[in-house]
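Here is the structure we will look at.
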Amino acid sequence: MGPQPEYSVDEPVRLLEGNDLKALAKYMKSDSCRNVFLMLGAGVSTSAGIPDFRSPETGSGCNDPGLYANLARLKLPYPEAVFQIDFFRRNPVPFYTLAKELYPGRFRPTPAHSFIKVLHEHSLLHTCFTQNIDTLERRAGVPGEKIIEAHGSFATQRCIDCKRPYDDEKIKRAVINSDIPRCERCNGLVKPDIVFFGEALPVQFHTSIRSLRDADLLIVMGTSLTVHPFASLVGLVPKGCPRVLINLDEVGNFSRLDDLVLLGKCDDIVRELCRELGWEEELDREWEATADSVEGEDRLPVSENEGEEKVSDELDRITKDIEKSLAISEGTSSPGPDADKPEEKTKDKDNEGKDPLDKNGLEQEVPLASEGKL
């Protein structure tokens, strides 16, 4: 017999026929793609006019400074103190001044958010992991059970002392009226269930990451992939699962055979993808359905680009409001019971290739504010 052909049992089988949107769309329409997972960061919401907190420039592609850069000029011990739990106990005014400006209902979901709703309508969406606390996924019509808010959100709130939940309408009225909500049971401060520095990530985040093993496709949008453990999720899908990065800049390690990197604005790329899928009319219909989602004062961008143009003015105005509130509250707030308590230290133990599911849970390295948005 002649020489036998060599076979490698470890040789991967490619699922995408190319490295472009056409190949991705064809795979998404195939029987092989049934469970689509998403990972969202700040860049998905900047076109709504929501400032990017973290970077020197906003994730919208503008040359406007992020909110942290603006907060640096205020009388805060450091800009991130707005999201530090011990500082919040001593002086909740800066946070609630900020919350009033960025509270849910004041911004319209973006076409990228509506794309997630379209995925759900096609029975493809398994889970949407988001670092964002703006609840725009919910406001776009994505069912709450499909969303994992890894860093919490404004959707619920509770007392920071006795943990009693607080009524949605009551906190909304308090925020609008510039009042500081307090617990009706123990008079403790009430805080939205967003993750501050020194706080653990939601239990739901830890329990849901196991489902990534069932992923047929992972789409990562608008994130720097520098905040752990969230960034580690990229490495938890099966090795043969196609992974797609949609971002202004190339980040992370997308070097697998079926990885696809698409650079540009999230809204633009998802529109091109929907065009390839034959879903563009559905995308437009879902986004138009969000036109009435803005409550109260009209802060609704009339076009997909107008929100980005408003970011710079919004940053200046928000920062000035916080500066004024600090001047008013300076010297009036007293340290809370945990004012001298050292901040909880956490570590990042998760890297791609190491499965954190074998541990008792992931540990938080950086809270939501560091990803860059509220």
Expected field for GLU169, accessible surface area in Å² at 1.4 Å probe radius, rounded to 10, holds 100 Å²
Area accessible to solvent at ILE176, 1.4 Å probe radius, in Å² | 100 Å²
Could you tell me what percent of the accessible area of region 94-239 is made up of carbon and sulfur, with a 1.4 Å probe and every protein chain present?
-> 46 percent
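With a 1.4 Å probe and every protein chain left in place, work out the accessible area per residue of region 223-297 in Å², rounded to a whole number.
Here the residues of region 223-297 average 44 Å² of exposed surface.
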Can you give the accessible area of LYS163 in Å² (nearest 10), computed on protein heavy atoms with a 1.4 Å probe?
-> 110 Å²
Compute the Cα gyration tensor for region 83-238, then decide on rounded, prolate or oblate, letting a ≥ b ≥ c be the square roots of its eigenvalues: rounded whenever a/c is under 1.5, prolate when a/b is larger than b/c in the other cases, and oblate in all that remain.
-> prolate
Could you pull out the pairs from LYS100/LYS172; LYS146/LYS265; LYS29/LYS117 whose alpha carbons sit more than 20 Å apart here?
-> LYS146/LYS265
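The values are calculated or read from the model by the stated rules, or taken from the named source; none is laboratory data. Not measured: the values here are computed from a predicted model. Remember, those area values only see protein heavy atoms, side chains included, never the ligands or the DNA or RNA. Shrake-Rupley method; radii C 1.70, N 1.55, O 1.52, S 1.80 Å.
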